[in-house]
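The block underneath contains the structure these notes are about, expressed in structure tokens.
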Amino acid sequence: MHRHFLYMYSKQLLPFKAVVSFVSFSVIVQAAPLVSIGDNVDIFFNGSSSVQWQSNVFYDEADEQDDIRFTVSPGFEVNVGRGQSNLDLRIITRYDIIRYDELSDLDNELFHIKAISSYRSSRWDVDGLVSLDENQSSGRDGNSNVKGQLTESETIRANLNGEYRLSPKFSVGSGVSYTDKQYLDRENLADRESFMIPVDIFYELTPKVDLSVGYKHTTTEIGETLSKSSYDQERHFFNIGARGNLLPKLTGFFKVGYTSVDSRNGDSRGTMGLDANFTYAATPKLTTTLALNRRFGVGGEGQQTTNTRANLSANYSINSNYSASANFAYTLREYETLGREDNVYSTGVRLSYVPNRYWSFSTGYNYFENDSNSPNQGYEAHMVDLSASLRY
């Protein structure tokens, strides 16, 4: 991981108890003013601090270890454009300083940076993103968990997607997405590098609903591990769908069709593909969101998988300062040559308090479970956290 002077500074000054952590955070963020440069550039300080209790740090059913994790995350955001031109750009950076109360060998510092841009004109809508993220993962999805250890990785992403209006009724969208994920010091986990190119044609059925027909091509290079040679994978997704205000209170999109995967070793499979996201405004205060997805994937050790996911969430606005939310997610992960199936569940609730436009506070509880037919891969875990953030 990247190391600089913050590492030595945090080792000496970062506290290991919750109260002191929040006091330190307050001292840091109060010293960061808002800076404006000319009429188009704003610089914000984005800071957060959290205390999190985990009942099963390594998501290991045979050896559950609980601990308290403290995180202080100073960061900055640069906004260029302010919506006053066709082009807007945001650069966001964050540095996570992570300390554990007892498992101090897991202490870490993680760097994140991303640039998000958008361009709007009478015919063009273009969005772009470039990011670098250092991650420390427990592998709770069963994809990359290492018993008794946390997995460190570095991920680079770059996306460029655009849509061009050919006529009042027709438009075409396309782009390219690149992802490069590298595991650090883990020879049993497979690095991967992928390119994705989607192409969609949209037809305006009504002023509120567009129909679509599309194709998405993904190529992935899966790296070598101790137990598996490197190989290449190509995925195809042929789909039809719709987007917009689908019903009076329902907005979103769906794409459904046929997806297939071809590997260099001659393996070829196909199944139903699905990508959907719906938002239902039940009342002015209550909003629910449902996301559905079915596609082929790659496991942490390079195994080929078929993944089916569903995520249901709800948000209730109590008043102008308080809101409550709840979520439930389910993933079925089928490992193709191993006969292994993981049923991964997660559910949680959260209460948020926003006293003004600068500060926000929240607390929540989450439960995770993996019901696996593979020995020593199941687990149960509970998590309680308290966090505060400031944007100034």
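Could you list all residues from the stretch 287-327 that are of a type in the set (Ser, Thr, Tyr) and not in a loop (DSSP other than H, G, I, E, B)? Quick ask: steps written out before the conclusion?
Taking the stretch 287-327 as the starting set, the residues that turn out to be of a type in the set (Ser, Thr, Tyr) are 287-289, 305-306, 308, 313, 316-317, 320, 322-323, 325.
Those that are of a type in the set (Ser, Thr, Tyr) and not in a loop (DSSP other than H, G, I, E, B): Thr287, Thr288, Thr289, Thr305, Thr306, Thr308, Ser313, Tyr316, Ser317, Tyr322, Ser323, Ser325.
Which ones in the stretch 209-222 are more than 17 Å from Phe296 (Cα to Cα) and in contact with a Ser or Thr (Cβ under 9 Å, 6 or more places away or on another chain)?
Of the residues in the stretch 209-222, the ones more than 17 Å from Phe296 (Cα to Cα) are 209-214.
Result: Asp210, single match.
When you look at Thr206, is it modelled with pLDDT of 95 or more and within 25 Å of the chain's Cα centre (by Cα), yes or no?
Details: modelled with pLDDT of 95 or more: yes; within 25 Å of the chain's Cα centre (by Cα): no.
When the stated conditions are applied, Thr206 does not pass them.
Report whether or not Thr251 is part of a strand (DSSP E or B), in contact with a Lys or Arg (Cβ under 7 Å, 6 or more places away or on another chain) and surrounded by 14 or more Cβ atoms within 10 Å (Cβ to Cβ).
Details: part of a strand (DSSP E or B): yes; in contact with a Lys or Arg (Cβ under 7 Å, 6 or more places away or on another chain): no; surrounded by 14 or more Cβ atoms within 10 Å (Cβ to Cβ): yes.
No; evaluated as a whole, the condition is false for this residue.
Out of the stretch 93-122, which residues are of a type in the set (Lys, Arg), surrounded by fewer than 17 Cβ atoms within 10 Å (Cβ to Cβ), out of contact with any Leu (no Cβ under 7 Å at 6 or more places or on another chain) and modelled with pLDDT of 95 or more?
none
Among the residues of the stretch 70-107, count how many are more than 20 Å from the chain's Cα centre (by Cα) and outside any loop (DSSP other than H, G, I, E, B).
Step one: of the stretch 70-107, the residues more than 20 Å from the chain's Cα centre (by Cα) are 70, 78-89, 99-107.
Subsequent filtering for residues that are outside any loop (DSSP other than H, G, I, E, B) retains 70, 78-80, 87-89, 99-100, 104-106.
Qualifying residue count for the region: 12.
If Val130 meets every condition in (1) of a type in the set (A, V, I, L, M); (2) more than 17 Å from Leu150 (Cβ to Cβ); (3) surrounded by 17 or more Cβ atoms within 10 Å (Cβ to Cβ); (4) modelled with pLDDT of 90 or more apart from one, which number is that one?
Against the list (1) of a type in the set (A, V, I, L, M); (2) more than 17 Å from Leu150 (Cβ to Cβ); (3) surrounded by 17 or more Cβ atoms within 10 Å (Cβ to Cβ); (4) modelled with pLDDT of 90 or more, Val130 comes up short only on (3).
The values are calculated or read from the model by the stated rules, or taken from the named source; none is laboratory data. Keep in mind the model is a prediction, meaning the values are calculated, not measured. Because the Cβ atoms are built from the backbone with ideal geometry, glycine has one as well, and the counts that use them run over all protein chains shown.
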